[in-house]
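Chemist: Structure in structure tokens, see below.
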Amino acid sequence: MLKRSFLAVGLCFWLVAACSAGEKVTTGTIVAEMIDFDRLCEMPVESYKTLQFSSYDRRSNLPGGPEWISNADGFGNSPIPPFVRTLKEPNDQGIGEYVMAEVEGPGAIVRTWTADINGSIRVYLDGADKPVFDGPAREFLHHPYNTFVGEGTVDRDTLEGTFYQRDAAYCPMPFAKSCRIEWIGNPRRVYFYYVQLRQYKNQDVEVETFQPEDLKTYADEMKSVAAVMNDPDSLVGEASNHEIDITLQPNERSTALEVKDSAALRRLMLLVEGDDEVAALRQTVMHITCDNWQFPQVQSPVGDFFAAAPGVNPYQSLPFTVAEDGSMISRYPMPFKESLKIEFHNMGDQPVKITGKAHTDGREWNDDRTMHFYARWRVTHDIHTPPALDIPFLLANGQGRYVGTASLMMNTAQGTHMGGTWWGEGDEKVFVDDDQMPSWFGTGSEDYYNYAWSAVDIFDYPYCGQPRNDGPGNRGFVANYRFHFIDDQPFHERIAFYMELLTNHENEGFSYACQSYHYGRPGIIDDHRVITKSDVRVPQLPGPWKPRAYHASTGATYYEPETLTDQAMEIEHDRLWSEGNLMIWKPSAVGDTLELTVPVPKPGKYELRVGLALDNRSGTVSATLDGKSFGFNRDEKMDLFDSRRTMLRASTGKPIELEAGDHVLTLKFEKPADGQEPLVGVDFIWLQPR
């Protein structure tokens, strides 16, 4: 057994000092919690509940009732204003004043988000006459600290990508007595919002209320936290190193590691190999059992456990990393009082090899507060939508903390635009303890995952990301994750986490895998069910499919590119591609062109888009129509390289006037992928009247 040192000592001491029991709550202590894994392993010293105020449709007032799936969530003109109360009715200009969020007693603002919002916000702490923030609503919900940045404070570059993640912000603002957030704006226009606040149950908790000067006072702490978020493996410690090396035949289950001690699994790195990588990662199920529990606390396919399935989809977050070489890292600590056992079950039809390392340390178990780590996975195949449905991620009775979620889906939509392939209109609904209505009621699945407007791009942040989205639009395999550190949800009696599945189109054969992460005190029970072979079958997109002209692409005509040229072209086949065919163009050199003749049925205004493959072979291409720009991406070029994923993306377009007849679409090869021969995969030509 090897020893490995992996902790920045100064940072460790600061975290311990900042988060000790009985310490005053300050901006600095909550900032420290942003990277503090250890606090998640124990019930809070000072009990709190994380509340959520959002613009959800207030007609959804009875669980399962007739209007439970109402969807006027912030688009404007809501039937019921989505606010705590109205301060001033709209004036002649349509501007009203509303209380957006209000909490009495000690607490803290911990997360904000918006897709878009008009108007301004005023934030009052502890009943002060003067707001601590008074400015544009969008700025507060996206970049709350920017107003306070100045000489000697943390700078905006440090905040980007760490405290500010995609369309959300994690900027602690504690308060000793109360918080009231007012919105001044036009309720007939867009006003999406989330505000999450921590409310301490003990009214005597000592809290130092946020001041703008905190960005100077705690500048070093904020910089340290941002540095760890950007390099999470820098936050490590002294540990024992256990090797994992096991080969499993089909249907074989075996133990890879057993540890007898009172300790914690601090870091787990795994590499799963098989002839069919996607199948190996879905059909190799990991079981982690702490303290000889009857049922393993962790039960999940290996790939899904790391929140980026199916296959290998590289990304980096605070608790998880998936690397280009297929290795996957978990940093969630898994405490155990007496023993730890890691088993793998090969539920597939091929041999698989699992290698890796498990790092444990001698963490002391506290009988009153320490918890086991749980990762629960379930899947529902062959869903037909509509109707909408609430998908259960976790139903548990007992004590614990909810700390993370991943949605891992196969979206069988047949559109090419987000408006015709979107799966995520549904809201998260989280019931805690004695809730009759959810403590968290959201405005859309992507809003929960910190992005907006059905975005298709691949992105990753410390707490949120979309490591897979095949396309076009949101079609194909999609993975979203979100992890909760300062916005975790402690529970003392029960938690029920649902994510509504609400598509904007008809869908047949949708597959939805749920991954939830929580810590639980001994005695917790949940609704986890055994994972079957049917569950872990490798999802296959239906095919061949043909793009449908509906919703946002209504009226469109789709052409297969091989029918628009006289040149003989190589064709590759896969269910991702339109009609199962991808036309492969192999230019001989940079600057080579390919001409496709696009028929236009009648004169008018059109948008032209090109469906192109992104993969590890493809280079950069530009395009013109009749020798002129037609809005082919922002800079008239499209980089088609992705080192690990295979995706389908439609180029952008702009409305242009076209005469009836044939028009020449010219693709020009601009640059090969590094170390690759020139290649471009063309899937469809999309012509839409405007």
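Chemist: Using the structure shown, decide if T209 is of a type in the set (V, I, T), surrounded by 19 or more Cβ atoms within 10 Å (Cβ to Cβ) and touching a strand residue (DSSP E or B) at 6+ places or on another chain (Cβ under 9 Å).
Modeler: Taking the combined requirement at face value, the residue satisfies it.
Chemist: Follow-up. Restricting to the stretch 424-446, name every residue that is under 19 Å from G398 (Cα atoms) and of a type in the set (S, T, N, Q).
Modeler: Q436, S439
Chemist: Given the stretch 36-137, what strands (runs of 3 or more DSSP E) lie entirely inside it while holding 3 or more residues that are crowded, with 17+ Cβ neighbours inside 10 Å and in contact with a strand residue (DSSP E or B) (Cβ under 9 Å, 6 or more places away or on another chain)?
Modeler: Per the criteria, 48-54, 96-104, 107-113, 120-125.
Chemist: Out of R363, R369, report the one residue that is open to solvent by less than 40 Å² (accessible area, probe 1.4 Å), among the charged types (D, E, K, R) and over 21 Å from the mean Cα position of the chain (by Cα).
Modeler: Exactly one of R363, R369 is open to solvent by less than 40 Å² (accessible area, probe 1.4 Å), among the charged types (D, E, K, R) and over 21 Å from the mean Cα position of the chain (by Cα), namely R363.
Chemist: I'm checking my understanding of the structure. Among residues of the stretch 448-463 that are without any contact (Cβ under 8 Å) to a residue 60 or more places away in the chain and open to solvent by less than 10 Å² (accessible area, probe 1.4 Å), which one is farthest from L640 (Cα to Cα)?
Modeler: Among those that are without any contact (Cβ under 8 Å) to a residue 60 or more places away in the chain and open to solvent by less than 10 Å² (accessible area, probe 1.4 Å), it is Y448.
Chemist: A follow-up question, please. Conditions first: (1) more than 30 Å from T620 (Cβ to Cβ); (2) in contact with a Pro (Cβ under 9 Å, 6 or more places away or on another chain). R521 passes all but one, so which condition is the exception?
Modeler: Against the list (1) more than 30 Å from T620 (Cβ to Cβ); (2) in contact with a Pro (Cβ under 9 Å, 6 or more places away or on another chain), R521 comes up short only on (2).
Chemist: Of the numbered conditions (1) under 28 Å from P314 (Cβ atoms); (2) open to solvent by 40 Å² or more (accessible area, probe 1.4 Å); (3) modelled with pLDDT of 95 or more, P603 satisfies every one except a single condition; which is it?
Modeler: Single failed check for P603: (1).
Chemist: I'm checking my understanding of the structure. Among residues of the stretch 261-294 that are of a type in the set (D, E, K, R) and at pLDDT 95 or above, which one is farthest from the chain's Cα centre (by Cα)?
Modeler: The qualifying residue farthest from the chain's Cα centre (by Cα) is D291.
Chemist: Could you check the stretch 272-302 and list, in sequence order, the residues that are farther than 17 Å from Q249 by Cβ, open to solvent by 50 Å² or more (accessible area, probe 1.4 Å) and of a type in the set (D, E, K, R)?
Modeler: E277
Chemist: While we're on this one: Can you name the residue in the stretch 259-289 that is touching a Phe, Trp or Tyr at 6+ places or on another chain (Cβ under 7 Å) and of a type in the set (S, T, N, Q) and, of all such residues, is nearest to K337 (Cα to Cα)?
Modeler: S262
Chemist: Looking at the stretch 578-600, is at least one residue within 30 Å of F295 (Cα to Cα), out of contact with any Asp or Glu (no Cβ under 8 Å at 6 or more places or on another chain) and open to solvent by 60 Å² or more (accessible area, probe 1.4 Å)?
Modeler: The answer is no, given that none of the residues of the stretch 578-600 is within 30 Å of F295 (Cα to Cα), out of contact with any Asp or Glu (no Cβ under 8 Å at 6 or more places or on another chain) and open to solvent by 60 Å² or more (accessible area, probe 1.4 Å).
Chemist: Hey, among the residues in the stretch 657-682 that are open to solvent by less than 30 Å² (accessible area, probe 1.4 Å) and among the hydrophobic types (A, V, I, L, M, F, W, C), which one's nearest to R575 (Cα to Cα)?
Modeler: Ranking the candidates gives V682 first.
Chemist: R482: more than 18 Å from W377 (Cβ to Cβ) and of a type outside the set (A, V, I, L, M, F, W, C), yes or no?
Modeler: no
Chemist: Under 7 Å between Cβ atoms, at least 6 apart or on separate chains: pull out the pairs that start in the stretch 481-503 with a residue that is closer than 18 Å to A452 by Cβ and touching a residue at least 40 places away in the same chain (Cβ under 8 Å) and end on any residue that is part of a loop (DSSP other than H, G, I, E, B) and among the polar types (S, T, N, Q).
Modeler: Listed pairs, sorted by first residue: Y481/S317; R482/N450; L502/N71.
Chemist: Same structure, new question: Restricting to the stretch 315-326, name every residue that is part of a loop (DSSP other than H, G, I, E, B) and open to solvent by less than 20 Å² (accessible area, probe 1.4 Å).
Modeler: S317, L318, P319, G326
Chemist: Does V190 meet the test of being under 19 Å from Y449 (Cβ atoms), of a type in the set (V, I, T) and either at pLDDT 95 or above or open to solvent by 10 Å² or more (accessible area, probe 1.4 Å) (or both)?
Modeler: Taking the combined requirement at face value, the residue does not satisfy it.
Chemist: Could I ask something else about it? Can you confirm whether I30 is within 16 Å of P232 (Cα to Cα) and modelled with pLDDT of 55 or more?
Modeler: It is false that I30 is within 16 Å of P232 (Cα to Cα) and modelled with pLDDT of 55 or more.
Chemist: Go through the residues of the stretch 163-172 one by one and say whether even a single one is over 21 Å from E446 (Cα atoms), surrounded by fewer than 22 Cβ atoms within 10 Å (Cβ to Cβ) and of a type outside the set (S, T, N, Q).
Modeler: no
To keep it simple, each residue is scored yes or no on (1) more than 29 Å from H417 (Cβ to Cβ); (2) open to solvent by less than 10 Å² (accessible area, probe 1.4 Å); (3) not in a strand (DSSP E or B).
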site: E446; (1), (2), (3): no, no, yes
site: G465; (1), (2), (3): no, yes, no
site: G471; (1), (2), (3): no, yes, yes
site: F477; (1), (2), (3): no, no, no
site: F485; (1), (2), (3): yes, yes, yes
site: M499; (1), (2), (3): no, yes, no
site: N504; (1), (2), (3): no, no, yes
site: H518; (1), (2), (3): yes, yes, no
site: T532; (1), (2), (3): yes, no, yes
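Chemist: Run down K586, K654, K602 and say which single residue is of a type in the set (K, R) and over 23 Å from P472 (Cα atoms).
Modeler: So the residue among K586, K654, K602 that is of a type in the set (K, R) and over 23 Å from P472 (Cα atoms) is K602.
The values are calculated or read from the model by the stated rules, or taken from the named source; none is laboratory data. Since this is a predicted model, take the numbers as computed values, not measurements. So basically every Cβ, Gly included, is an ideal-geometry build from the backbone, and we count neighbours across all protein chains shown. Accessible surface is based on the protein model in full, side chains and every heavy atom, while ligands, DNA and RNA are left aside. Shrake-Rupley method; radii C 1.70, N 1.55, O 1.52, S 1.80 Å.
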